[in-house]
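What follows draws every value from the coordinates through simple rules; no lab data is involved. None of the values given here were measured: they were computed from a predicted structure. Using ideal geometry, Cβ is built from the backbone for each residue, glycine included, and neighbour counts are taken over all protein chains shown.
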Amino acid sequence: MNVALDRMDQVYRGAYTFSNSPAAIRRFPLPFPDDKYMYSVNLEPHTPGPKGSVIEFPIDCDEHYVAECHDRAIVIQQDPLRIQALPHMMPAQWDTLELGMLSLSQSYPHWFTLTRQGRQWHWINRPLGLNQKFTFGDPSTLPYEPLEYITRQLQGDWIIMDQRDNDLWVEGGMVTGPADWSMDFDVGMSFNEWHGPVPLGHEMGVFNRALKYLINLRLGEPVRRTNWTMTVNPKLDTSPHNYPEWGPDRASVTLENVGRKLHLRTELQGLWRLPRSNGIVFMVRTYLLSLQELVTIPKWARRVHRVLRDLHPALVDYKGLTRHRPLAVQYLAQFDDGSPTTPGTAPE
Amino acid sequence: MSSSHSDTIPVRVAAIESVTSQIKRFTLEPLRGELPAFSGGSHIIVVMRGQDRVYRNPYSLMSSPQELENYQISVLRCDPSRGGSAFMHEQVRVGTELEIAHPVNLFALAKLARKQLLLAGGIGITPFMAQLHDLRLTRVPYELHYATRSPQHGAYCESLARAEPERVHLYHDCDRHFIDIEGLLSRQPLGTHVYVCGPAGMISRVLDTARALGWPESHVHYEKFAAPPTGEAFDVYLQKSGISVHVPADRSLLEAIEEAGVDAPYLCRGGVCGFCRTDVVGLDGEILHNDHFLSAEEKASGKVIMPCVSRARCRKLALNL
């Protein structure tokens, strides 16, 4: 991992100083393997990917790590209900803490160190300046409950699910960077209730197939998929709670500023079976890329132009793209000479 | 989507104890590192490499989920054995190296239960041994009712009764002392979950009684690992692989497919989880369904099969594999 944590002064709000380095642009997880897009159960084993890619390690830590953790702290301070867990989810909270600490310390030993002697654990997080000794299994030895403690130090949203009655129940999570959904509203829902608002997928049987697959998810064999939407301004926290904050931005997009303002938003989603609770943890890691950053990769400019131009109307509406899709298509058209794109999502 | 198991964990047999004349307890320790954490009710698949074939049998983990230096399993010697349990009893010694798959829990405790009622028959005690460790950490009341043929047949009777005399109730057939299933299920408080693991007859009695008394399905849990039954030999054609495979009388369909080098999906290998469900694309006889997963309609349709336990009586079966 050669990416430095040197972009810690960037902000995902106010002046929106967030941007990607050329290296971060090239490792952006483009969610379109083809020039057209439709839902699918696009799950695959979450096995290590190419060096330097966002899937090199189970949990990716990139140049935005510190900035994103700061943004999360601001959101929780303003709205403590962004972190919730029902009482029976305590074992799943510890499982998630273990997953996070083991993964970070093994992937990035120069930043994170975990020392364990039985239940006595010692955690060092150098980028955030944390040094914590605690007893695994005893919440009173941590400054927060285990899920909050670890997810304040992880990028992406983290949702924990209980498995019972052949279903998965969303019964805890840290959600400060949602693409317009609410943990507080969804907590306690079953898998199909949770996905209720998604168009087309139910008719296609996507959710029942995904549920069946996830119920059999195995320990040590996590899976991943990508999802995507678009966001005006580099804002992680596009939650329904504060729509008044980000909603009006949607009217601010013009052909002149669309390249700077409109961001492709990829969710790298990971799912792990949790060992002690037999639950599942669901990672939703968000990557933002402005259109002007996107077009520095000619293949991606052509592909995203074609995807957006031909997108199914129901998806345009559900993803909240109705207003600015024409501008995005118009902007990207200048970078699409009609030549074919190579298969796969690699930059070229 | 991958269907194959990516990793097995190499382990060494650290101890073997004879618990009864038919049951041995094996302690398995990792060759390196530590074993994965798990929840009570989980099983592992033990991969045994015999001289001319590979056995893969599921066994419940019975050791404490809080102790990960080793795992413990109990193996009942089946008579007649299809090979796996005999291999464990006769070939495996202290120091033998085996492979295991990561734990899978198809018999998990419900976390929202107000009371947990555990019913064990014979070797069916093993998943509960691990669950008792989990239950001791909760504030939820629980009871174990454990039936065996005689005290000599009852693995772990004494140690369980000694540890928690007020919660563990023992029954022995030889004393004509049986679990009063109807009485027990009719006087449980609302919110109780019942779990049963044991012989097929005991499981059906509990399921039937619970249904008759109006228990919600969601509160009744059972684990019934069917050993793959032996039967007549038959041939199977794997359409995607383009090969024919002979299934001998003493091999399961899944085992024969694996021995032919085709990677078929599986999880429990006991007809419970549904993971190996495979489409039938041709059949000139009948399928002998031995699983507990497919619905009666699916079984009657002749269009799907669970190769881990089911067979066919036919000249030719063709599968979408």
Exercise for the section: Express the relative contact order of chain B as a whole percentage, based on alpha carbon pairs under 8 Å and six or more residues apart in sequence. Expected result: 15 percent
Completion exercise
For the stretch B:160-168, in residue order, the Karplus 3J(HN,Hα) values (coefficients 6.51, -1.76, 1.60; θ = phi - 60°; whole Hz; Gly and Pro = x) are 5, 5, 5, 5, 9, x, 7, 10, 10
Fill in the blank from the handout: Cross-link reach from A:Lys36 to aspartates and glutamates, straight Cα distance under 12 Å and at least 8 residues apart if same chain, gives A:Asp310
Problem - Exercise: per-residue mean of other protein chain Cβ atoms within 10 Å, A:42-52 - result: 1
Handout entry: A:Tyr37 long-range amide H proximity, modeled H, under 5 Å
Key = none
Practice task
Return the percentage of antiparallel bridges among DSSP beta bridges fully within chain B, rounded to the nearest 5 %.
Solution key: 65 percent
Completion exercise
Here D for chain A, in µm²/s, from Stokes-Einstein with a Kirkwood Rh over Cα pairs at 37 °C and 0.692 mPa s, works out to 157 µm²/s
Completion exercise
If A:Tyr149, A:Tyr16 are placed from fewest to most neighbouring beta carbons inside 10 Å, the sequence is A:Tyr16, A:Tyr149
Completion exercise
In whole Hz, the Karplus estimates of ³J(HN,Hα) for the stretch B:280-287 (6.51, -1.76, 1.60; θ = phi - 60°; x where Gly or Pro) are 8, 10, x, 7, 10, x, 10, 8
Fill in the blank from the handout: For A:Lys261, counting only aspartates and glutamates whose alpha-carbon sits under 13 Å away and dropping same-chain residues fewer than eight positions off, the answer is A:Asp249, A:Glu293
Handout entry: Degrees between helix A:65-78 axis and first principal axis of chain A (Cα, 0 to 90, nearest 10)
Key = 80 degrees
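Taking a 25 Å limit on the Cα-Cα distance, which of the listed pairs A:Lys235/A:Lys319; B:Lys224/B:Lys299; B:Lys24/B:Lys111; B:Lys24/B:Lys115; B:Lys111/B:Lys224 fall beyond it?
Values: A:Lys235/A:Lys319 15 Å; B:Lys224/B:Lys299 19 Å; B:Lys24/B:Lys111 31 Å; B:Lys24/B:Lys115 32 Å; B:Lys111/B:Lys224 21 Å.
Distance filter (> 25 Å) returns B:Lys24/B:Lys111; B:Lys24/B:Lys115.
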Handout entry: Degrees separating the helix A:206-215 axis from the principal Cα axis of chain A, which is the longest one
Key = 20 degrees
Handout entry: trypsin sites (Lys or Arg not before Pro) restricted to DSSP loop in the stretch B:202-249 with at most 11 other C-beta within 10 Å
Key = B:Lys240
Problem - Calculated log₁₀ intensity ratio I(q)/I(0) where the Debye formula runs over C-alpha points of the protein assembly as shown, q = 0.08 Å⁻¹ - result: -0.69
Exercise for the section: Express in % the proportion of alpha carbon pairs of the stretch B:115-223 at distances exceeding 25 Å. Expected result: 15 percent
Handout entry: Over the stretch A:1-153, relative contact order from alpha-carbon pairs under 8 Å, at least 6 apart, %
Key = 20 percent
Problem - Shielding score for B:269-281, defined as the mean number of other chain Cβ atoms within 10 Å - result: 1
Exercise for the section: Using a 10 Å cut-off on Cβ to Cβ distances, tally the other chain neighbours for every residue of A:272-279 and report the average as a whole number. Expected result: 6
Exercise for the section: May I ask for the angle, rounded to the nearest 10°, between helix B:126-135 and the longest principal axis of chain B, with both axes built from Cα atoms and the value confined to 0 to 90°? Expected result: 50 degrees
Fill in the blank from the handout: Volume per residue (Å³) of the convex hull spanned by the alpha carbons of the stretch A:1-151 is 171 Å³
Problem - Sequence-distant residues sharing a close amide H with B:Lys115 (under 5 Å, placed H) - result: B:Thr192, B:His193
Completion exercise
The simple spin-label model distance between B:Leu68 and B:Val262, using points 7 Å out along Cα→Cβ, in nm, is 3.8 nm
